[in-house]
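Data first, discussion second: the structure below is written as structure tokens.
The values are calculated or read from the model by the stated rules, or taken from the named source; none is laboratory data. None of the values given here were measured: they were computed from a predicted structure. Methodologically, a virtual Cβ is constructed for each residue, glycine included, from the backbone with ideal geometry; neighbour enumeration extends over all protein chains shown.
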Amino acid sequence: MQAQFDSDQMWMMVGLVVLGILAFGFLCCIVVGFKSLKLAIDVIDASADFLWETKRIIAVPIFYFFVTLIFFVVWFGALGCVISMNEIKVNPKIPQAKAFDFDSKINYYSFWYMIFGACWIVSWIQYSAQFVI
């Protein structure tokens, strides 16, 4: 029993030393970067004051959310059209289950192009909203 207690004490001491070294390193980072940290806090404070004074800015993300929602509705329809260009086969094991056979590389690449395009356009919409704000 005493050996187990000594082993636990040793590991707790090792943990304490490691956490102490990490805390000291964090303190050094704060001391060295205090000027940059203070500047960042001032920028965030000025941004918060601006947002508090300009309440209509809240409408921008809501508007761009609906723009993104409309885009996805149209995009899912277009994706369905791209997928339907493939051969649709019936799954014999599961009733009502279908499988798409990407028989052509053009259809396969069209699918991945649609995914890439959606990511690209959604990112563009998001950064447009940030630019407006």
Find all pairs meeting these conditions: Cβ atoms under 7 angstrom apart; at least six residues apart or on different chains; first residue within the stretch 95-106 and in the same structural domain as Val82 (by TED's automatic domain parsing) and closer than 11 Å to Ile83 by Cα; second residue at pLDDT 75 or above and of a type in the set (A, V, I, L, M). Phe100/Ile83; Phe100/Ile88
Which of (1) closer than 30 Å to Trp52 by Cα; (2) touching a strand residue (DSSP E or B) at 6+ places or on another chain (Cβ under 8 Å) is the odd one out, the single condition Ser128 does not satisfy? (2)
Yes/no for Ser47 being of a type in the set (S, T, N, Q), over 16 Å from Ala118 (Cβ atoms) and at pLDDT below 85: no
For Ile57, indicate whether it is β-branched (Val, Ile, Thr), assigned to a helix (DSSP H, G or I) and modelled with pLDDT of 90 or more. no
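Matching residues to (1) loosely packed, with under 12 Cβ neighbours inside 10 Å; (2) out of contact with any Cys (no Cβ under 8 Å at 6 or more places or on another chain); (3) within 29 Å of Ile133 (Cβ to Cβ); (4) of a type outside the set (A, V, I, L, M):
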position: Tyr64; (1), (2), (3), (4): no, yes, yes, yes
position: Val82; (1), (2), (3), (4): no, yes, no, no
position: Met85; (1), (2), (3), (4): no, yes, no, no
position: Ile88; (1), (2), (3), (4): yes, yes, no, no
position: Pro92; (1), (2), (3), (4): yes, yes, no, yes
position: Lys98; (1), (2), (3), (4): yes, yes, no, yes
position: Ile106; (1), (2), (3), (4): yes, yes, no, no
position: Ala118; (1), (2), (3), (4): no, yes, yes, no
For Ser36, which of the numbered conditions (1) within 30 Å of Ala118 (Cβ to Cβ); (2) loosely packed, with under 10 Cβ neighbours inside 10 Å; (3) among the polar types (S, T, N, Q) fails to hold? (1)
Would you point out which residue out of Ile30, Ile70 is at pLDDT 85 or above and assigned by TED's automatic domain parsing to the domain that holds Lys105? Ile70
